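To start, the structure under review is shown below, and the notes come after it.
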Amino acid sequence: QEEKLVRAIVAGAPPDLAYVYGPSLVGPLAANGAVLPLDPFFRRSGLREEEFLPQALEQMRHEGVLWAMPVTRDSRGFYWNRAVFADAGLDPDRPPETLEEMERMALRITRRGPRGEVLRAGFLPPDDSAIWLFLCGGRLYDASARRFTLDAPENVAALARLVRLVDLQGGQTALAALRSSLGRSDTAQSPLASGKVGMMIDGEWVAMHLERYAPHADYGIGRLPHPSARPDLRNMAWQDGDVMLAPKGARHPEAAWEFMRWMQEPRQQEEYAAAMNNLPSIRSLVSSPRLTTGSRKFQTLGFILRHIAVNDAAARHFPTTPVTRFCRDTLEQAVEFARHHQKTAAQALADAQRRVQRELDRYND
């Protein structure tokens, strides 16, 4: 649908309002003049930035201008399979607090077959590798210099650490084979429910799928582990989520904004967040009984809301730039090169840095 949206904008026949999956298109659309700025509407609306979750609006900005509004927000929690913990001789009520603890637990949980295949993984790395980099204290972008920092020493160390952890569990090929044998999170064969994965980092929506497709799954939810040397990262909170925007050429921009504003009201936010098991974009609902109590999916959502999502100091998100989508894809390619030992962590990230900076410089010039 994103291609359809871009074609409609180019053809001069855009919709008045677009719902976009994830924030990756905000920067590219803004940099190419394909979306309307929302600051004039926001100022007149009476909305205040402090009403929103940390960085909910910051991720909607490019070059200081507000180009989109959040629908709801997503974060990430640390999930573990309690039955797997017990089987490995670990306390199912005690998740790891540090990355060092998590790595030791991952080795105890991992089971290998006679041909080296991974029968059970201790830790399944997140699909979005930026989360791991931030978890280890990494950084991706220097906004003041308009420069990516993919090859920063912190990122190189983080990727090298991930490669070691993957290797200790059997290597990328074996781990990928296990992952391909499992279902998506919205199936009864999801990684966490399968019993073939001990720990993983994933979104709050996973709890909804577990409740529906694998109600037998016995899992825990906790904070993301942090390096023992970085206690300041104890509550690192990854932030993203779907967005709404008004394309350039929209015939009814005022009506489009009115809908975006209406969606930020508590009633709509609570209704949509409950239906999707997502975080509301506004702080006033952090303790909403409807979103935080009752069935297990809402208890999980409540934990992430109370202990992770409201942490201003440790909130992180992928930078909003003209080449965000390209950068994300290039970063994942670099991680794959490193995990397959086709490049060192330093080489993979240096090559990725050159590629993404070259693309960004076309806009900087």
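List of remarks:
- For VAL20: the one exception among (1) surrounded by fewer than 20 Cβ atoms within 10 Å (Cβ to Cβ); (2) more than 19 Å from GLN239 (Cβ to Cβ); (3) in contact (Cβ under 8 Å) with a residue 40 or more places away in the chain: (2)
- In region 107-118, the residues that are over 10 Å from LEU178 (Cβ atoms) reach residues that are part of a helix (DSSP H, G or I) with C-beta atoms within less than 7 angstrom, at least six apart or across chains, in these pairs: LEU107/LEU168; ILE109/VAL84; GLY116/ALA174.
- Scanning region 247-266 finds one or more residues that are part of a loop (DSSP other than H, G, I, E, B), touching a helix residue (DSSP H, G or I) at 6+ places or on another chain (Cβ under 6 Å) and surrounded by 18 or more Cβ atoms within 10 Å (Cβ to Cβ).
- Taking the conditions (1) assigned by TED's automatic domain parsing to the domain that holds ALA145; (2) of a type in the set (Ser, Thr, Tyr); (3) in contact with a Lys or Arg (Cβ under 6 Å, 6 or more places away or on another chain) in turn, SER281 satisfies each one other than (1).
- The helices (runs of 4 or more DSSP H) found entirely in region 1-110 that carry 2 or more residues being closer than 18 Å to MET244 by Cα and outside the structural domain of TYR219 (by TED's automatic domain parsing) are 2-10, 26-31, 39-45.
- Residues satisfying the stated conditions in region 339-365, i.e. assigned to a helix (DSSP H, G or I), touching a helix residue (DSSP H, G or I) at 6+ places or on another chain (Cβ under 6 Å) and not hydrophobic (A, V, I, L, M, F, W, C): ARG339, ARG355, GLU359, TYR363
- In region 219-245, residue surrounded by the most Cβ atoms within 10 Å (Cβ to Cβ) [restricted to those that are assigned to a loop (DSSP other than H, G, I, E, B) and out of contact with any strand residue (DSSP E or B) (no Cβ under 7 Å at 6 or more places or on another chain)]: ASN235
- Any hit, region 310-317, residues being buried (at least 16 other Cβ atoms within 10 Å of the Cβ), basic (Lys, Arg) and in contact with a strand residue (DSSP E or B) (Cβ under 7 Å, 6 or more places away or on another chain): yes
- Which listed residue is of a type in the set (Asp, Glu), free of Cβ contacts under 8 Å to residues at least 24 places away in the same chain and within 26 Å of PRO37 (Cβ to Cβ), from GLU270, GLU265: GLU265
- Of all the residues in region 35-77, those that are crowded, with 19+ Cβ neighbours inside 10 Å and polar (S, T, N, Q) number 3.
- Listed by first and then second residue, the pairs linking a residue in region 232-254 that is under 19 Å from MET69 (Cα atoms) to a residue that is part of a helix (DSSP H, G or I), with Cβ atoms under 6 Å apart and 6 or more places separating them unless they lie on different chains, are TRP238/ILE131; MET244/MET260; ALA246/PRO253; ALA246/ALA256; PRO247/ILE9; ALA250/ALA256.
- From the list ARG306, ARG328, the lone residue that is in a helix (DSSP H, G or I) and either touching a Phe, Trp or Tyr at 6+ places or on another chain (Cβ under 7 Å) or aromatic (Phe, Trp, Tyr) (or both) is ARG328.
- Condition broken by TYR272, with the remaining ones in (1) touching a helix residue (DSSP H, G or I) at 6+ places or on another chain (Cβ under 7 Å); (2) of a type outside the set (A, V, I, L, M, F, W, C); (3) outside any loop (DSSP other than H, G, I, E, B) satisfied: (1)
- Flag if HIS226 is under 19 Å from the mean Cα position of the chain (by Cα), farther than 23 Å from ASP186 by Cα and in contact (Cβ under 8 Å) with a residue 40 or more places away in the chain: yes
- Of all residues in region 104-127, those satisfying the criterion of being out of contact with any strand residue (DSSP E or B) (no Cβ under 8 Å at 6 or more places or on another chain) and over 15 Å from GLN172 (Cβ atoms) are ARG104, PRO114, ARG115.
The values are calculated or read from the model by the stated rules, or taken from the named source; none is laboratory data. Just so it is clear, the structure is predicted and the values come from calculations on it, not from any experiment. Cβ atoms come from the backbone with ideal geometry, glycine included; neighbour counts cover every protein chain shown.
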